[in-house]
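Chemist: My questions will all concern the structure given below.
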Amino acid sequence: MKKRSRIILACGFVGLGLVIAYFLFAGLVMHRGASDTLRVGPLAEQLTPETRPVDPRELGYRGDPQEAFGLPFESVSINGELGPAEAWYVPGARAESDLVAIYVHGVAGGREDGYRHLGLLHGAGISTALISYRNDEAAPASPDGHYGFGLTEWRDLEGAVIAMRARGYERVLLVGESMGGAIVGQFLRHSSQAEHVAGIALDAPALDFRAILAFIGGRAGALFPHQVTEVAMTMFRLEGPVDLSQADVRAEIVGFDGPLFIAHGTGDTVVPVSITDEIVTRRRGMTFLLRSSGDHLLSYIENPERYAGVFNGFLSALD
């Protein structure tokens, strides 16, 4: 009996060791994969199409607002924490309005990604600034060479808000796509300028880094992806330079009391649509939801007319 007990105990220790080894190894793989994604350079190369689109409303198009739509614009230098960053300022027809829109693109994206919204905003007469932030071509590089998932980039958005206020705008509409949503959320959490935000528009918003990591891990076939994610998050906390466990701004979006537009496709393979579902369920403020079946940031392409209808309804709530 004693021998059998020892065998059972030994098997238990071996099994426990294998489980621990799995979680450590899987967590390390997840951590390295996410770190590579947040490292400046590789993701941008991966996302660059072999042939650039000719339609400004397609992701990957490159060219200024004049080249894209024939719109007059001004290149504006915005002072930020790391130095000046360039923005494109497109004046709207409402010369007397105190409302300006500021577009914030996603990770490894570009200002041109905001052209789908620019067309709608300009059509409504709203002046718009399409900004660049740290690690963009038109902005300073961060010292660590990594994107901060909003934990650092919000300061660049703050600089843009200050610059627009210097032009006489006292109300700001923040438009964020993908990681741009995370930047918007961190801005709401930290910036003294957040009181000037009159409305928020989000598309496939990456509001919770932990949830996104677990979602992608599960899609990649990881067993117990949520538990593996906790191991990876511990590694992020130990590695620095930013604590990505703080990259969760769901509460800020839920608590925002102004109008919110949010678009998300059920076919999103990058950001789980469950994040948006939770936001919409928990919010008490005015919310305009556009649900599509599209993949990441493809809700507009799926049905531009429907997207425009919901977005314009949202803009009307800002008047």
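Rule-based calculations on the coordinates, nothing more; no lab input. Keep in mind that this is a model prediction, so the values were computed, not measured. FYI the Cβ positions are ideal-geometry reconstructions off the backbone, even for glycines, and counts take in every protein chain you see.
Chemist: Under unit Cβ charges (Lys, Arg +1; Asp, Glu -1), what dipole magnitude, rounded to 20 debye, does the stretch 147-232 have relative to its Cα centre?
Modeler: Here the stretch 147-232 has a charge dipole of around 40 debye.
Chemist: When the dipole is taken about the Cα centre of the chain, and only Lys, Arg (+1) and Asp, Glu (-1) are charged at their Cβ, what size is it in debye, to the nearest 20?
Modeler: Dipole about the Cα centre, nearest 20: 1680 debye.
Chemist: Just to check, using Stokes-Einstein with a Kirkwood Rh over alpha carbon pairs, what's the diffusion coefficient of the stretch 93-132 at 20 °C and 1.002 mPa s in µm²/s?
Modeler: Rounded to a whole number, D works out at 203 µm²/s.
Chemist: Moving on to the next point. Using the 2.2 N^0.38 Å rule of thumb for compact globular proteins, work out how the chain stacks up: its C-alpha Rg over that value, please.
Modeler: So the chain has a normalised radius of gyration of 1.10.
Chemist: Two-decimal Rg/Rh of the stretch 238-307 from alpha-carbon positions, Kirkwood Rh?
Modeler: 1.05
Chemist: When ranked by the protection proxy of mean other Cβ atoms within 10 Å per residue, highest first, what sequence do the peptides 221-231, 177-187 form?
Modeler: Final packing ranking: 177-187, 221-231.
Chemist: While we're here: Among 84-96, 207-219, how do they line up from the highest to the lowest mean number of other beta-carbon atoms within 10 Å?
Modeler: Going by the mean number of other Cβ atoms within 10 Å, highest first, we get 207-219, 84-96.
Chemist: Next question, about the same structure. Can you give the Rg to Rh ratio for the stretch 183-319, taking only C-alpha atoms and Rh from Kirkwood?
Modeler: Over the Cα atoms of the stretch 183-319, Rg/Rh equals 1.00.
Chemist: Just going by the charge dipole of the stretch 193-319, with Lys and Arg at +1 and Asp and Glu at -1 on Cβ, which of 246, 260, 228 is farthest out on the positive end?
Modeler: 228
Chemist: May I pose another question? If one computes the Cα centroid of the stretch 238-315 and of the stretch 108-175, what distance in Å separates the two points?
Modeler: First find each Cα centre; the distance between them is then 18 Å.
Chemist: Moving on to the next point. Under the Karplus relation 6.51 cos²θ - 1.76 cosθ + 1.60, θ = phi - 60°, what is the ordered set of whole-Hz ³J(HN,Hα) values for the stretch 307-315, x standing for Gly and Pro?
Modeler: Each residue's phi maps through the Karplus curve to give 4, 4, x, 5, 5, 5, x, 4, 4 Hz.
Chemist: Along Cα→Cβ, 7 Å out, is where each label goes; now give me the distance between the ones at residue 29 and residue 97 in nm to one decimal.
Modeler: For the pair residue 29/residue 97, the computed spacing is 5.0 nm.
Chemist: Which whole-number percent is the relative contact order of the chain (Cα, under 8 Å, 6+ apart)?
Modeler: 15
Chemist: Which of rounded, prolate or oblate describes the stretch 171-251 when judged by the alpha-carbon gyration tensor and an a/c cut-off of 1.5?
Modeler: It comes out oblate by the Cα gyration axes.
Chemist: Related question: What is the Cα centroid distance between the stretch 191-237 and the stretch 30-65, reported in whole angstrom?
Modeler: Cα centroid of the stretch 191-237 versus Cα centroid of the stretch 30-65: 19 Å apart.
Chemist: Among DSSP bridges having both ends in the stretch 121-275, what percentage is antiparallel? Round to the nearest 5.
Modeler: 10
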